[in-house]
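Beneath this line is the structure, given in structure tokens, with notes to follow.
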Amino acid sequence: MVRGGGRVVWCAAAVLALAGCGQSSEVPPERRPAFESTEDLPEKLGKDGTTIMVGDPDAKVKVHLYEDLRCPVCEQFETSGGGPQLRRAMLDRTATAQYTLASFLDDGVGGSGSKKAVNALRAALKEGKFLEYHEVLYLNQPEESVDGYTDAYLLKLAGQVEGLRSTAFDAAVKNMKYRDFVTASQKAYERAGGPEEPDGPGTPTAVINDKRIPAEVSGVLQDGTAFTQLLDQIHANPWEWEATTL
């Protein structure tokens with residue numbers, strides 16, 4: 001179904017050991033106070049025009065996620081796996097998140113839901129509501145085989161994010177205002193796979209401080225405790241992560 005989607009049954013302790021997590025170390029407190037809620041997290045579009053960046057740009061741990069909104073394994077990560085832990089780290093300023101949004105599942109299973117959802121998320125970014133809406137979409141993800149992210153459904157879900165619905169936002173969703181962004185994001189996803197994976201690295205894929213967690217050990221993404229420990233250890237000892245061979 002979704003290549004590299006974390007379906008390998010794997011002991012999360014293995015990647016933690018590779019990352020130097022066998023040793024206990026405390027994460028030093030950040031100098032600046034934590035963000036009070038996800039509404040306060042800064043959001044912006046990266047210079048490449050496709051990467052959506054959320055959180056304190058000075059955070060030591062940078063997690064780049066590659067997702068398709070129709071991917072059920074992405075939903076698992078975002079709702080019950082490492083996603084909630086990543087958001088906590090973002091609030092604590094220990095991590096920042098970057099998102100590249102793919103839409104290949106529309107071609108794979110039919111429909112246009114992924115493209116419509118990516119367009120709607122780009123419209124939400126315009127309003128400073130990307131992360132809140134991103135969370136709502138995954139909490140209400142339709143079945144993968146059902147092309148459920150319709151305009152009407154996306155607007156209904158947007159109503160759960162305070163201050164998101166407006167004439168401009170609604171029009172952007174209905175008219176696919178950001179269709180060029182959707183296309184560019186899919187191409188950026190494909191480039192991320194390199195020559196060995198010309199169709200893209202699979203979803204969800206996580207790259208932490210420029211080091212990709214390979215598909216064969218991606219089970220750590222679905223283990224909230226293990227993912228938290230990994231983020232904490234990278235924050236405390238980033239040089240060990242940089243030197244790790246995965």
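Some observations on this one:
- Once the chain from D170 to T245 is taken as fully extended at 0.36 nm per residue, the excess over their C-alpha distance is 22.4 nm.
- Only lysines eight or more places from K116 in sequence, or on another chain, were considered; those with a Cα closer than 17 Å are K126, K129, K156, K174, K177, K187.
- Beta bridges by DSSP in the chain, antiparallel share as percent, to the nearest 5: 60 percent
- Anisotropy class of the range 60-159 from Cα gyration tensor, a/c 1.5 cut: prolate
- Using only alpha carbons, the range 153-246 has a radius of gyration to Kirkwood radius ratio (Rg to Rh) of 1.11.
- Between T183 and D210, the modelled labels are 3.2 nm apart [label points 7 Å from Cα along Cα→Cβ].
- Accessible solvent surface per residue of the chain, calculated while the other protein chains remain in place, 1.4 angstrom probe, Å²: 46 Å²
- For the range 159-246: relative contact order, % (alpha-carbon pairs under 8 angstrom, 6 or more apart): 12 percent
- Highest-MSF residue in the chain out of T205, T50, T225 [GNM, Cα springs under 10 Å]: T225
- Mean projected area (nm²) of the alpha-carbon convex hull when the chain is viewed from all directions: 12.6 nm²
- For the range 97-246, the share of accessible area belonging to carbon and sulfur comes to 47 percent (1.4 Å probe, ligands and nucleic acids excluded).
- Taking every alpha-carbon pair under 8 Å whose residues sit at least 6 apart, the chain reaches a relative contact order of 34 percent.
The values are calculated or read from the model by the stated rules, or taken from the named source; none is laboratory data. In this text, all values refer to a predicted model and were calculated from it rather than measured experimentally. Cβ coordinates were reconstructed from backbone atoms using ideal geometry, including for glycine residues, and neighbour counts include every protein chain displayed. These area figures cover heavy atoms from the full protein model, side chains too; ligands, DNA and RNA do not enter into them. Shrake-Rupley method; radii C 1.70, N 1.55, O 1.52, S 1.80 Å.
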